[in-house]
Amino acid sequence: MPLEQYPDMPMVDPDDDSLARHVVWHYRYDPQRRERRDVTVAAYDDDAEYVNQLRRLQADLADRKGRGEAELVERISGTFKPPGCDAEQRRTRAEWRGRTKARVRKRKGKG
């Protein structure tokens, strides 16, 4: 479900890490990556808009499941991301990778 399918509510850029945003995800099969994953559907700066859209999409998905048009494992969910959240996650992952690589080098006698 691309972001363009939901023009009825003002959205913010889900990747703009300078904003506080409520992000809506659809767990589904992603044909580009050939895997099931949380696909970003929309992001809102207003909690009421987020909750309204989340409920609407959940009801729509339930209807589609009832008609056999969606997989039973699909779900609509979301989260609140404060400013800087994505940068913090990238920093944490980089630190973890650095520690992991150091442990591997140490085991191999190279560090």
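Miscellaneous remarks
- Checking segment 79-94 against the condition returns a match, with at least one residue being over 19 Å from the mean Cα position of the chain (by Cα) and not hydroxyl-bearing (Ser, Thr, Tyr).
- Cβ-Cβ under 9 Å pairs, at least 6 apart or on other chains, segment 70-88 side on the phi > 0 side of the Ramachandran plot, far side among the polar types (S, T, N, Q) and loosely packed, with under 14 Cβ neighbours inside 10 Å: Gly84/Ser18
- Verdict on Thr100 being over 22 Å from the mean Cα position of the chain (by Cα), in a helix (DSSP H, G or I) and not aromatic (Phe, Trp, Tyr): yes
- Members of segment 25-51 found to be surrounded by 15 or more Cβ atoms within 10 Å (Cβ to Cβ) and in a helix (DSSP H, G or I), listed by number: Glu49, Tyr50
- On the stretch given as segment 52-74, residues that are surrounded by 13 or more Cβ atoms within 10 Å (Cβ to Cβ) and in a loop (DSSP other than H, G, I, E, B) total 3.
Quick note: the coordinates plus some simple rules give every number you see, no bench work behind them. What you see is a predicted model, and the numbers here were worked out from it, not measured in a lab. Glycine gets a Cβ as well: all are built from the backbone with ideal geometry, and neighbour counts include every protein chain shown.
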